[in-house]
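As structure tokens, the structure follows; a few thoughts come after it.
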Amino acid sequence: MRIGAHVDSADPLAEAAARGADTVQFFLSDPQGWKAPKPREDADRLRAADVDLYVHAPYVINVATLNNRIRIPSRKLLVGHADAAAAIGAQGLIVHGGHVNSGADLTVGFDNWRKTFAYAAETGGFKLPVLIENTAGGDNACARRLDALARLWDAVGEYEVGFCLDTCHAHAGGEDLLGLVDRVKAITGRIDLVHANNSKGAFNSGQDRHDNLGGGTIDPELVVAVIRAAGAPVVVETPGGAAGQGADIDFLREQLGGSPAA
Ligand SMILES: [Zn+2]
């Protein structure tokens, strides 16, 4: 079982070592910005490392929106991130499911997702798996609740699309973690990565506020059960830096019976 953390992008391998992690996730550019990622000078070292890498796409990306001034740059930025993530040998690129503005037709949002994969396919497709992540909030989200997720997968099903399940987002988004993996897999057929986070916000609060696994409003054993059922690599996106995340990783290893990375 590969277990790691979301870390600062300056030196991800040092961050992995500081946490005893064999997996790291990081940003390749400002998560709140529109700048395309620059090639990394440590690309060779990252590619050769014994640590599995995941890249999280910027939060500003929203390929579902009906606002073309956001949608068009979003899909371009997503393709740019896929190229850059592939260049460092990443296993996957995580991107939030996105949303449409209130009053807009969510059906168009799902079709905009399909168009995103069609757009990438024109140039040979995304260079690594794109993992769509469930989100916590909003009434017009493409991947908050499973009824929407099912419609999203109907739209993008012809492409190889991956899924990242975030336990905080599911709980805060109003999906019970008990049995969730089976319900998700019935839709997506796969879970490629678990974001193991506790939630400061209550069930169905819509709040995207991560907490350490022993804190928050989720029974940590439920998070462990999700990981076990998913059988996928795990990334914690929890607070507290190397100490806080390291403790979360240790807790998961203890519960899951894995040994720490060498
Ligand atoms: Zn997440």
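Rule-based calculations on the coordinates, nothing more; no lab input. None of the values given here were measured: they were computed from a predicted structure. Please note: Cβ atoms are built from the backbone with ideal geometry, for glycine as well, and neighbour counts cover all protein chains shown.
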Pick from Ala86, Ala121, Ala247: which residue has the top mean-square fluctuation in a GNM of the chain where Cα pairs under 10 Å get a spring? Ala121
Considering only DSSP beta bridges whose two residues both sit in the stretch 54-148, what percent are antiparallel, to the nearest 5? 10
Among Ser205, Ser74, Ser102, which one moves the most in a GNM of the chain with springs linking Cα atoms closer than 10 Å? Ser102
For Asp52, what charge total do you get from the other residues with a beta carbon under 14 Å from its beta carbon, if Lys and Arg give +1 and Asp and Glu give -1? -1
Going by amide H atoms built from the backbone, whose H comes under 5 Å of the H on Asp166, apart from near neighbours? Asn134, His195
If I take every Cα pair under 8 Å that is 6 or more residues apart in the stretch 1-89, average their sequence separation and divide by the length, what percent do I get for the relative contact order? 28
Residues other than Arg209 with Cβ under 14 Å of its Cβ, Lys/Arg counted +1 and Asp/Glu -1, net out at -3
Can you give the relative contact order of the stretch 110-262 as a percent, counting alpha carbon pairs under 8 Å and 6+ residues apart? 19
Charge tally for neighbours of Val184 with beta carbon under 10 Å away, counting Lys, Arg as +1 and Asp, Glu as -1, is +1
The stretch 158-227: GluC sites (Glu not before Pro) falling in loop per DSSP and having at most 16 other Cβ within 10 Å: Glu158, Glu160
Take Trp113, Trp34, Trp153 and order them by how many other Cβ atoms sit within 10 Å, fewest up front. Trp34, Trp153, Trp113
Along principal axes, largest first, the alpha-carbon spread of the stretch 161-262 in whole Å comes out as 36, 29, 22
Cross-link pairs Lys35/Lys127; Lys115/Lys185; Lys35/Lys200 - those with Cα-Cα distance over 28 Å: Lys35/Lys200
Would you mind ranking Ile94, Ile218 so that the residue whose beta carbon has the fewest other beta carbons within 10 Å leads the list? Ile218, Ile94
Under the Karplus relation 6.51 cos²θ - 1.76 cosθ + 1.60, θ = phi - 60°, what is the ordered set of whole-Hz ³J(HN,Hα) values for the stretch 78-90, x standing for Gly and Pro? 5, 5, x, 5, 5, 4, 5, 5, 5, 5, 9, x, 5
Most mobile listed residue (Leu77, Leu93, Leu222) in the chain, GNM with C-alpha springs under 10 Å: Leu222
Semi-axes in Å, largest first, for the stretch 76-202 (Cα gyration tensor, √(5λ)) are 23, 18, 13
Only bridges whose two residues both fall in the chain count here: according to DSSP, what percent of them are antiparallel, nearest 5? 10
Could you give the alpha-carbon Rg of the chain over 2.2 N^0.38 Å, rounded to two decimals? 0.94
